[in-house]
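Here the structure is laid out as structure tokens; the discussion comes afterwards.
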Amino acid sequence: MILASQSPRRKELLSLITSGFEIIPAKCEETLPEGITPENAVLLLSEQKAEEIFAQRKSEVIVAADTVVAIDGKILGKPRDEKDAFAMLKTLSGRVHSVFTGVCVIFADGSKTTFAERTEVEFYPLSDGEIRDYIATGEPMDKAGAYGIQDKGALIVKKINGDYYNVMGLPVGRLSRVLKGKI
């Protein structure tokens, strides 16, 4: 099995399912068509990543994923800089947003399963100082929506509805069932 991601979180989460995998990050450029929905965006990106690695290693099972945060129909990717992170966190403050993770599994026989998981996340209202303090931890800079639920970001999350691991970047329960042929 190959995980087509360099995310340490996805590596950790896939190891809950199996220890027998290799990591080969996909290098495809992540560009999206104008007006694409968040759910379709993660489906498209995860499929592109999986297909890139499958073209190199056709006899392996490939697992690829992509995660976005969305609010008001707008996709929030990884912040470009601290100012961008501040703007994202300010937008999410005190509100409910959606986290979408798209997963594509290509089996060694070339068959493919692609799905998207959605989790609703509500933030506590955040002061500008709280946002600046969180940004100062460095955590927001490599994460969609400028936060990670698994570390200090847990302190700003009021409630979730859905798969916790989906917010981390890989819905392991559903993926496990797909890999076992139960879905």
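Model label points for ASP109 and SER59, set 7 angstrom from Cα along the Cα-to-Cβ axis, are 1.8 nm apart.
Applying a DSSP loop filter and a limit of 16 other Cβ atoms within 10 Å to the trypsin sites (Lys or Arg not before Pro) in the range 8-39 leaves LYS27. Kirkwood-type hydrodynamic radius, the range 44-183: 15.9 Å, calculated from all non-identical alpha-carbon pairs.
The GNM of the chain, with springs linking C-alpha atoms under 10 angstrom apart, assigns the highest mean-square fluctuation among ALA41, ALA144, ALA87 to ALA87. The residues of the chain present an accessible area of 50 Å² per residue when probed at 1.4 Å with all protein chains retained. Sorting SER46, SER19, SER111 on solvent-accessible area from highest to lowest, probe radius 1.4 Å, gives SER19, SER111, SER46. Net charge of the neighbourhood of ARG118, taken over other residues with C-beta under 11 Å away and scored Lys/Arg +1, Asp/Glu -1, is -4. Each residue was assigned an accessible area with a 1.4 Å probe, and for PHE86 the value is about 50 Å². Of the trypsin sites (Lys or Arg not before Pro) in the range 79-111, the ones in a loop by DSSP (not H, G, I, E or B) with at most 14 other beta carbons within 10 Å are ARG80, ARG95. Cα centroid separation, the range 1-56 to the range 156-183: 15 Å.
Relative intensity of the range 71-137 on a log10 scale, I(q)/I(0) at q = 0.26, 0.29 Å⁻¹, equals -1.17, -1.28, per a Debye sum over C-alpha point scatterers of equal strength in the absence of solvent. Per atom type, the range 2-85 shows carbon and sulfur on 47% of its accessible surface, probed at 1.4 Å.
Near CYS28: Cβ cut-off under 11 Å, other residues only, Lys/Arg at +1 and Asp/Glu at -1. The net charge is -4.
Surface composition of the range 120-183: carbon plus sulfur atoms hold 49% of the accessible area, using a 1.4 angstrom probe and ignoring ligands, DNA and RNA. Remark: spin-label model distance SER19-TYR164 equals 2.3 nm, labels positioned 7 Å along the Cα→Cβ axis.
The values are calculated or read from the model by the stated rules, or taken from the named source; none is laboratory data. Everything numeric here is computed off the predicted structure, so don't read it as measured data. Glycine gets a Cβ as well: all are built from the backbone with ideal geometry, and neighbour counts include every protein chain shown. What goes into the accessible areas is simple: the full protein's heavy atoms, side chains included, and nothing from ligands, DNA or RNA. Shrake-Rupley method; radii C 1.70, N 1.55, O 1.52, S 1.80 Å.
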